[in-house]
Amino acid sequence: MSTINAHHTPGAKPMRWETYKHEHHWRTAADEFDAAKLGMWLFLTTEVLLFGGIFCAYAIFRMMYPEAFTNGSSYLDWRIGLINTIVLLISSFTVAMSVRCAQLNQQFWLKANLIITLICAALFVVIKLTFEYIPKLSQGKAPGTWFSYPYAHHPEEPIWWGIYYAGTGIHALHVFIGAGLLIWVLVRSFKGIYGPKNYTMVETSGLYWHLVDLVWIFLFPLLYLIH
Amino acid sequence: MTAIDTSHDHHDEGSFLDRKGMGLWSTIWDWATTVDHKKIGIMYLFAVLTMFFIGGVAGLAIRAELLEPMRTSADGATTGVMINFGSPVQDPDTGEMIRDYTVTPNAAGNTFNRMFTLHGAVMVFMFIVPAVPASLGNFFLPIMIGAKDVAFPKLNLFSWYIYVTGSLFGVIGLILGGADTGWTFYTPYSIQTDADFWRVTLMVMAAFILGFSSILTGLNFVVTVHKLRAPGVGWFDMPLFIWAMYATSIIQVLATPVIGITLLLLVFERLFRIGIFDPSLGGDAVLYQHFFWFYSHPVVYVMILPGMGIISELLAVHGRKHIFGYRAIAFSSLGIAAVSFLVWGHHLFTAMSPLASMVFSALTFLVAIPTAIKVFNWIATLYKASIALNTPMLYALGFLFLFSIGGLTGLPLATLATDLHLHDSYFVVAHFHYVMMGGTVIAFIGGLHHWWPKMFGRMYNERVGIIAFALVFIGFNVTFFTQFFLGTQGMPRRYASYVDEFQIYHQISTYGSWVLGLGFMLHLGNFIHSLLAGPKAPPNPWGGLSLEWETESPPCAHNFHHEPLIKHGPYDFETVVPPHCSEQDFPLPKQH
Amino acid sequence: MSHDATAQFNPLDPHGHHDHDHEGHIVVDWKILLGILMALLFFTLLTVSAANFEKWIAAEFDVVIPNWVNVMVAMSIATVKATLVCAFFMQLFYDKFLNTVIMLFCLLALGLFLGFSALDLGGRGRVNDFIAAPIVLGGNSETAGMQSVLGSVPNKKTNLLTQIEFAKQTYIEEHGQEAWDQHNAELEAKHGHHGSHPVSDANRSIPTHGITPDLYSTTEPNHDGHTSHDDPAHDEDDGH
């Protein structure tokens, strides 16, 4: 258990987190914080089940047409997937660190960690677009009726691409949403809103970002490695 | 050690409905930006009742069409468009493609398909699912556990706006001609029909958006029940309505995201043709049905569980007796929530392998256990109770009768052999109307009467309420009991025309629907009259013991002037004189 | 809600919390976080190497590794990684147990969803041919020519060819057979013969989609000339 010491300079204007007051319908700020975290976890369960739909479709189609999925997986370059996995894992680490920095009132490192996370998010999307989506789509490796790749072997390969784009696309959407949340946290952290007495938003946005990471931890082997 | 901030005790504040001298526009602005769960609950109430009206009109239109065996609407243009907003059509004279802005009478079959889709989609997604949790639940859940508000008030308001946005999508889809897929949006038909029109897509997006509203409400309630119970309100000190809302919220949180991804993929399917649910592009239509019913079966319990919670309150308060088997009822709510996730396959009996069908059939029978536990406990509560036959109590008794019919007719549908005969027939239609309407809607109307004085501070006219109940009860049974006969004799659902021998049943059913409609209009008139000229309601007109009766009617802005101190349980009618009541009005039983 | 319960209650501190906000919320040591990151990176490399190692063994020694081995290894490692992220980055390990319970319920629901949906796999795609038009593997693209509200969706007509066959024909029409042959040979040299030879029993599609000739043969003999699609040899023909 670390002890938290806010640095009070006598006479100086207190930072905004020091004057934080919980909303009136809560009895204590601790209750409010617990509830926010509980709510976020409940929301994360809904996100997991949302992706559950994609995973379920993947499992069913894979069991029905394993050859199509073997072929599909071999079109993807595992090295790109590996780089993206590392990028996301690092971003997850920096988010966890930013929560710690908020708890310890390390304002500079709070912002620095958030910025590193956002850079990782951008890197992830850029890698995804330039090395995966754009080349693949231009070769006609596209879902459903867009499919025009002439060297396919299994008639169900368009379904593989359907699952691939739906899964990674919805995941990318969550990257954007998570990055949006973190940008908001970053902007507010420049105003000194987050500190040992108030880091709820940092923590809950961080939880959301970890979920993005969690989903990718499963998508990566399912799409790139299982052959 | 710190003192609780006592500055939040509001001694001088008025009712939450007070306009405090604000003008019209500032009142509207005040309501539009409110984070007060009571105001949000009332806004939800008006929104869902509006949707109930739209869905009800569509239902009456379906019954009107079925009055005659042949099509009664004119067979007009065959474009399938009711109102054209510049959709491209071929000019019959020149053969050129032109933009059409006319209103054309539509082919009757198409209109009928759109009507029952409208009825189903509006009633399910926009009325029954949010009806009780979002209106009565929002208003009373925090009060009944002694809280000042729900856990996340801003999220609560946000979810109302999401609900309105979703409903608007549905209404726009309706104005553009409406979907003809049925409320289940089964693929591949829902991908192919009206492929170059927005209306089906809009209806699917409406259901998708409404799902978010449902999730946020459920999430809010779970956290509220966990974290905001007043000191002294333990888990087993909560009214059973709260238990039911808690079980409902768990289902909402765990099941709704799956319909989210399903409908999202369906929108992708319609807009981009990605093929996952489209067999002609290599996809799997049965997968869609699994996805859809993984949500839509549990959501049946999202509809009925709050109704069951209301009934537990009504029977105890208006019977002036301690609820029988408190824990059994509480745990059976959770039991129903758990079982609800195991039975969705009974909607696909004819699409699945025999093994899966048998497993799902066996699991489906499990639902009967917790449900029967509730019904037996309610009956036992009524035993030797001092029953006051007012409108809420009549609705509670009506619920027991109708819901039992609805529940028991579910058993032949869960049995594989009989289901092959009965599936997709009017027997199914009658069964789920007995459960959804005879269960949820009846309980909702009963609960609305029960809590109306608390919500608006006005009494309704009891005599009119009882007459309207009689009309609703008789009309409902005439409308839907005949449909059991129709179903067993082979009338399939979703058909606009039928063979002559069915006409007598269809006519009786249609006449019943008019009585039903009349009953609801009478209720509406009664409520409007109550708002305008009803006598002022006392704080505790029924002698209830749960916390909402401790505060005045309507409650003050923060529900209680002081944090409530719990002195008795919600059902201790035998030992406690109700708050704000005299012992003359609510005498305690003689102690032996 | 009995009188005893209120008596024990301290109304000034209803839930036993004290003044210090967030007391009980641990600040995780940065060394632990960094260690978890290292572990995650290690497991990532492990899963990649395991997959490539399997591929290498299969190619080098010409043995068939069943598909489930591959799936199990990858999924087990992913589960370990996910547990690490949940426990330490998301602090479930230090947090109130309730949050863990929520996550477990979520996984339970997910398991039910995946498990029960897969229950009828054996019955998927069984089509009585007196009910349905011929259903071909990969679809016959009936809806591919349908106009979408979005004008940009390709409005192609495949004349009941499968998607991949249509794509191949279109390419050959545009660039000629030679270009196709040449490029296809390059691809095969680069990636190996993926999908072009039966790898193992487990890697073959479950032959129940489309019309299954023998399924109802006792009562409804397959009297017409629909092409059977449960023959693996047929699927390979599509690619050549």
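For the stretch B:308-453, a Kirkwood radius taken over Cα pairs fed into Stokes-Einstein (20 °C, viscosity 1.002 mPa s) yields D = 132 µm²/s. Taking the charge dipole of the stretch B:22-549 about its Cα centre, with +1 at Lys and Arg Cβ atoms and -1 at Asp and Glu Cβ atoms, the residue from B:349, B:169, B:336 reaching farthest to the positive side is B:336.
Please get the size of the charge dipole for the protein assembly as shown, origin at its Cα centre, with Cβ charges of +1 on Lys and Arg and -1 on Asp and Glu, quoted in debye to the nearest 20. Intermediate results must be reported in sequence, preceding the final value.
Values: 54 positive and 79 negative charges, 625 e Å.
That gives the protein assembly as shown a dipole magnitude of about 3000 debye.
How big, in percent, is the set of alpha carbon pairs in the stretch A:68-227 lying more than 21 Å apart? Tail of the P(r) past 21 Å holds 49 percent of the pairs.
Placing +1 on each Lys and Arg Cβ and -1 on each Asp and Glu Cβ, with no other charges, gives the stretch B:466-592 a dipole about its Cα centre of roughly 400 debye.
Angle, helix B:199-227 long axis vs. longest principal axis of chain B, Cα atoms, 0 to 90°, nearest 10? Orientation of helix B:199-227: about 20 degrees from the principal axis.
So what's the back-of-envelope 222 nm ellipticity for chain A, counting only DSSP H runs of four-plus at -39500 (n - 2.57) apiece and dividing by all residues, rounded to 500?
Working: 7 runs with 153 residues, N = 227.
Here the helix-only value at 222 nm equals -23500 deg cm²/dmol.
Other protein chain C-beta atoms within 10 Å of residue C-beta, averaged over B:216-225: 3. Pairs spanning more than 28 Å between alpha-carbon atoms, out of A:136/C:156; B:227/B:321; A:21/A:191; A:37/C:31; A:128/A:197: B:227/B:321; A:128/A:197. Note that the stretch B:119-135 has calculated 3J(HN,Hα) couplings of 4, x, 5, 5, 5, 6, 6, 9, 10, 5, 4, x, 3, 6, x, 6, 9 Hz, one per residue in order, obtained from phi through the Karplus relation 6.51 cos²θ - 1.76 cosθ + 1.60 (θ = phi - 60°); glycine and proline are x. Where q = 0.24, 0.33 Å⁻¹, what log10 of I(q)/I(0) comes from the Debye formula for the stretch C:135-175, counting one point per Cα? Log-scaled intensity ratios, in q order: -0.82, -1.07.
Put in line by how crowded their Cβ is, counting other Cβ atoms within 10 Å and starting with the fewest, B:429, C:69 read C:69, B:429.
Treating each Cα of chain B as one equal point scatterer and applying the Debye formula with no solvent, the log10 of I(q)/I(0) at q = 0.05, 0.06, 0.08, 0.11 Å⁻¹ comes out as -0.22, -0.32, -0.57, -1.06. Taking 20 °C and 1.002 mPa s as conditions, the stretch B:487-545 diffuses translationally at an estimated 138 µm²/s according to Stokes-Einstein applied to its Kirkwood radius (Cα pairs). The local environment of residue B:275, defined by Cβ-Cβ distances under 14 Å, has a net charge of -2 under the rule Lys, Arg +1 and Asp, Glu -1.
For the stretch B:273-336, the C-alpha radius of gyration sits at 1.88 times the compact-globule guess of 2.2 N^0.38 Å, with N the residue count. For the stretch B:320-390, taking the reciprocal of the average inverse distance between every pair of different Cα atoms yields a Kirkwood hydrodynamic radius of 14.0 Å.
Where the alpha-carbon atoms of the stretch B:376-484 are placed on the principal axes, they occupy 52, 28, 21 Å, in descending order.
Using Cβ contacts closer than 10 Å as the measure, can you line up B:550, A:132 from fewest to most?
On the way: B:550 23, A:132 19.
Lowest count first: A:132, B:550.
A viscosity of 1.567 mPa s and a temperature of 4 °C, combined with the Kirkwood radius over Cα pairs in Stokes-Einstein, give a translational diffusion coefficient for the stretch C:25-123 of 79 µm²/s. Residues of the stretch B:26-55 falling in the label zone of residue B:161, defined by backbone nitrogen less than 13 Å from a point 7 Å along Cα to beta-carbon, are B:32-35.
Across q = 0.10, 0.12 Å⁻¹, the stretch B:140-239 modelled as identical point scatterers on its alpha-carbon atoms has Debye log10 I(q)/I(0) values of -0.43, -0.54, in the order of the q list. Each of B:521, B:498, B:482 was scored by the projection of its Cα onto the charge dipole of the protein assembly as shown, and the greatest displacement toward the positive side belongs to B:521; charges sit on the C-beta of Lys, Arg, Asp and Glu. Between the listed residues B:120, B:252, B:224, the Cα displaced farthest toward the positive end of the dipole of chain B, a dipole computed from Cβ unit charges relative to the Cα centre, is found at B:224.
In terms of overall dimensions, the stretch A:1-153 has a Cα radius of gyration and Dmax of 23.2, 75 angstrom. For the protein assembly as shown, pairs of C-alpha atoms spaced more than 61 angstrom apart make up 12 percent of the total. When only alpha carbons are used to place a centre, the stretch A:72-140 and the stretch C:94-118 end up 26 Å from one another.
Readers should treat all values here as calculations from the given coordinates under stated rules, not as data from a laboratory. Since we're looking at a predicted model, the values are computed, not measured. Cβ coordinates were reconstructed from backbone atoms using ideal geometry, including for glycine residues, and neighbour counts include every protein chain displayed.
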